[in-house]
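**Student:** Questions regarding the structure given below will be posed in turn.
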Amino acid sequence: MTPPPDPTAESLLAFWAEGGVDTMLLEEPVDRIAAGRITPPKPPATRAAAAPAQAAAPAPSRPTQPDVSAAVAEARALAAAADSLDALAEVIAGFDGCPLKFEGAATKAVVWRGEPDAPLMVIGEGPGGDEDRLGQPFVGRAGQLLDKMLGAAGLTGRVMITNTVFWRPPGNRTPTPTEQAVCAPFVERAISLVKPKILLLVGGASAKSMLKKDQGILSMRGRWHEWRSADGTAELPALPTLHPAFLLRQPPAKKQAWADLLTLTERLDRPDRPA
Ligand code: URA
């Protein structure tokens, strides 16, 4: 018989999960300090007495540090050869050039969900713990809020949802510009296959990376920007908005996110002018 849940253990697990520690690597805890794998921090040495810096040992399962431009070039070639979303998902899953794949994410890439010919493409930052576990973007609490907001704006069934990176950054940290750069050719190819009319860029890390701007989300949100493909041949109107995870922490900001969605639907539903 399964023993009843232990409330102390449950609350401790909830505490760790809240802090981003939500993956169990082994059945039993390992005291790595006692095992000598981690050296406890020493008191800071003075500059003069400091020993010469030692190169950090690479993490065990990680391949050699990828050459970023080679990884971007490889991603670009793979993306260009993919002639459907399914083919693209397959090459992303087999791609080893993004370091995130080796930093604790489940090896399954989290690519996209939604309508393959949606007029609106939502681009978030990167998968979190729930997305990593379930293999789909925006399926945790933030994703549920996003779906509710899109539904309230009449956008259910008119959206394709993806992220700037396809593997979960450890501890749900923000993806780095390098991680985003190696995934960018795949994001761009997904855009060219879906052919949306508009991009909704969710959160600062998405807006900065997609628009190549170094401004905060609060100054970019709610205003129209132009997204351009790397070779400059494609462009689309892009609207940055607040991340639903932020809205969960700051509910009064939902007002601004709602205003952004109204700005978006007004343009999305505007009849196309004849050429
Ligand atoms: N946050 C994101 O930016 N993307 C997800 O898929 C989930 C949470």
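The values are calculated or read from the model by the stated rules, or taken from the named source; none is laboratory data. This structure is a prediction, so every number in the text was calculated from the model and none was measured. Cβ: placed from backbone, ideal geometry, glycine included. Neighbour counts: every protein chain shown. Remember, those area values only see protein heavy atoms, side chains included, never the ligands or the DNA or RNA. Shrake-Rupley method; radii C 1.70, N 1.55, O 1.52, S 1.80 Å.
**Student:** In region 169-252, which helices (runs of 4 or more DSSP H) lie fully inside it and hold 3 or more residues that are in contact (Cβ under 8 Å) with a residue 24 or more places away in the chain, touching a strand residue (DSSP E or B) at 6+ places or on another chain (Cβ under 9 Å) and β-branched (Val, Ile, Thr)?
**Tutor:** Values: elements: 177-194, 204-211, 217-220, 244-249.
Those helices (runs of 4 or more DSSP H) span 177-194.
**Student:** Can you tell me how many residues in region 195-220 are within 16 Å of the ligand (Cβ to nearest atom) and hydroxyl-bearing (Ser, Thr, Tyr)?
**Tutor:** Of the residues in that region, 2 qualify.
**Student:** If you go through region 121-134 one residue at a time, do you hit one that is in a loop (DSSP other than H, G, I, E, B) and more than 16 Å from the ligand (Cβ to nearest atom)? Working first, answer last.
**Tutor:** Applying the first criterion (in a loop (DSSP other than H, G, I, E, B)) to region 121-134 yields 125-128.
Next cut, more than 16 Å from the ligand (Cβ to nearest atom) only: none.
No, the conditions are met nowhere in region 121-134.
**Student:** Which of the residues spanning region 207-262 are over 18 Å from Ala184 (Cα atoms), open to solvent by 20 Å² or more (accessible area, probe 1.4 Å), within 21 Å of the chain's Cα centre (by Cα) and among the aliphatic types (A, V, I, L, M)?
**Tutor:** Within region 207-262, Ile217, Leu218, Ala245, Leu248 qualify.
**Student:** Which numbered condition trips up Leu155, out of (1) within 12 Å of the ligand (Cβ to nearest atom); (2) assigned to a loop (DSSP other than H, G, I, E, B)?
**Tutor:** It is condition (1) that Leu155 fails.
**Student:** Continuing with the same structure: Please tell me if Leu150 is buried (at least 18 other Cβ atoms within 10 Å of the Cβ), out of contact with any strand residue (DSSP E or B) (no Cβ under 7 Å at 6 or more places or on another chain) and assigned to a helix (DSSP H, G or I).
**Tutor:** On the way: buried (at least 18 other Cβ atoms within 10 Å of the Cβ): yes; out of contact with any strand residue (DSSP E or B) (no Cβ under 7 Å at 6 or more places or on another chain): no; assigned to a helix (DSSP H, G or I): yes.
Criteria not met by Leu150.
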